[in-house]
Amino acid sequence: MLKIKLKRFGRKNFPIYRIIVATTKKIGKNIKTLGFYNPFKKIFFCNIKLLNYYLKNGAYPTTTIRYLIYKFLILK
């Protein structure tokens, strides 16, 4: 089973998150990077074609990713 989730990177006290598709284990294998999210500048970039592909093929987004998708991309 696959999950779409955030992976933190960036420097101390200035996080930037990658949006990744990974296996459901806690330390799962990263399969694909879909985009990034910068919470300080409110920048959200995501490859919509890949996002739709993984959502239609059964990947589960986390609650945070689901919120960001509806807030920035307005997919339903």
Practice prompt. Select from the range 1-53 the residues that are free of Cβ contacts under 8 Å to residues at least 12 places away in the same chain and over 13 Å from PHE72 (Cβ atoms) and list them in ascending order.
Written response: ARG8, PHE9, GLY10, ARG11, LYS12, ASN13, LYS25, LYS26, ILE27, LYS29, LYS49, TYR53
Discussion item. Can you pull out every residue in the range 45-63 that is surrounded by 14 or more Cβ atoms within 10 Å (Cβ to Cβ) and assigned to a helix (DSSP H, G or I)?
Written reply: LEU50, LEU51, TYR53, TYR54, LEU55
Worksheet item: Which condition does PHE72 not pass, out of (1) assigned to a helix (DSSP H, G or I); (2) touching a strand residue (DSSP E or B) at 6+ places or on another chain (Cβ under 9 Å); (3) modelled with pLDDT of 90 or more, if it passes all the others?
Response: (3)
Practice prompt. Please verify whether the range 22-33 includes one or more residues that are small (Gly, Ala, Ser) and part of a loop (DSSP other than H, G, I, E, B).
Written response: yes
Response to the item:
Looking across the range 1-44 at residues that are among the charged types (D, E, K, R) and touching a Ser or Thr at 6+ places or on another chain (Cβ under 8 Å), the single one that is surrounded by the most Cβ atoms within 10 Å (Cβ to Cβ) is LYS5
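The values are calculated or read from the model by the stated rules, or taken from the named source; none is laboratory data. In this text the structure is predicted, and so the values were computed from the model without any measurement. Here the Cβ is made from the backbone with ideal geometry for all residues, glycine too, and neighbour counts use every protein chain on show.
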